[in-house]
Every structure is written in structure tokens, then in C-alpha cells.
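Some notes on the structure that comes next.
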Amino acid sequence: MDDRRTLLKTLATAAGGGVLLAALADGGSDATAAGKGKEKAGPTQSGFFGQMQVTANMVRSSRNTGILQLDAGLYSRDAAAQERANSLAPVMRAQWRATLQDFANRYHTPGRVPDAGLLATQLQATTNQVMGNRSVSVMMVALIAR
């Protein structure tokens, strides 16, 4: 439990108090994991990797009205999937940027709170397409509209 709290505090500090902080789940509560004798992962073994920052411009009526900034990473316990995702990081970053720009142009209205659930669904679909399978999950750390 302390390892998870430490990791979440580190992520929250790195995000600068962002809008959305994703909790890392093992598929069960700590009480059930401790009861089964399952070893808890430390901060370095959490499965969270590849943190990226992506920015998109919000444009209305041919003028720039602000930016959307996304801090996100990937989660997987599979070492082969982590290695493949790390090797595809430049492609992933470019595709995430295109997805975020599309979200900003189509679905976000400046002055309103962005729909993080819709964006997360779109980012996961993009990630699955780049990876070719569903071996990694998108973990949104912060979504900031300025």
C-alpha cells in the first residue's frame, strides 16, 4: 500500500496537480492481494512506463484560443510489450498528437472542461492500432486546458 501511495504522490507531483490522475490497479484490492500472499510491486515494478507530454492547439474562427496539454503514459506488466512500445514511442507520440488535435477540433469547446473519458477511449484505440494488439493500456496523468 505504501509503494502505491508513493508512486501516486510522485505522479501527482510530476503532473503539477493536473486535472486527472489515474490510479494503478492490479485487478484486486490490497486486502485481497495480501490475503493470497501475492507480492506487491514496488514503484520501479509498477508497469507504468513511457510517459509523454502531448500538446494540441484549440482553434476557433481562424484564431488560436488556447492549448490542450496531455500527460500520459502506458501500463503493461509484459516486458515484451513494454520493449515494443518503447521502440514505437516516436510513432505513438505522433499518433497521440494527431488524436489530441482531432479531439480539440471536433469535441472540445474552449471554456469548458474537456471530456477525459472520450479522449481516453480515442487514445486507447490509437494505441491498440499502433501496437497491433491490446497488450498495453493508456494511463492519463493530467489533461490541462489553457
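Any read-out appearing in this document is the output of simple, stated calculations on the displayed coordinates, not a laboratory observation. Model, not experiment: these values are computed from the prediction. Every residue, glycine as well, gets a Cβ built from its backbone with ideal geometry; the counts of neighbours run over all protein chains shown.
General remarks:
- In order through region 76-90: 3J(HN,Hα) via Karplus (6.51 cos²θ - 1.76 cosθ + 1.60), integer Hz, x for Gly, Pro: 6, 8, 7, 4, 5, 5, 4, 5, 5, 5, 5, 6, 9, 4, x
- Local electrostatic count at VAL91 - Lys and Arg +1, Asp and Glu -1, tallied over other residues with Cβ under 13 Å: +3
- Each residue, SER61 and ALA79, gets one label point 7 Å from its Cα in the Cβ direction; the gap between the two is 5.8 nm.
- With both labels modelled 7 Å from their Cα along Cα-to-Cβ, the ARG93 to VAL113 distance reads 3.1 nm.
- Spatial offset of region 111-126 relative to region 67-102 amounts to 14 Å, using the alpha carbon center of each.
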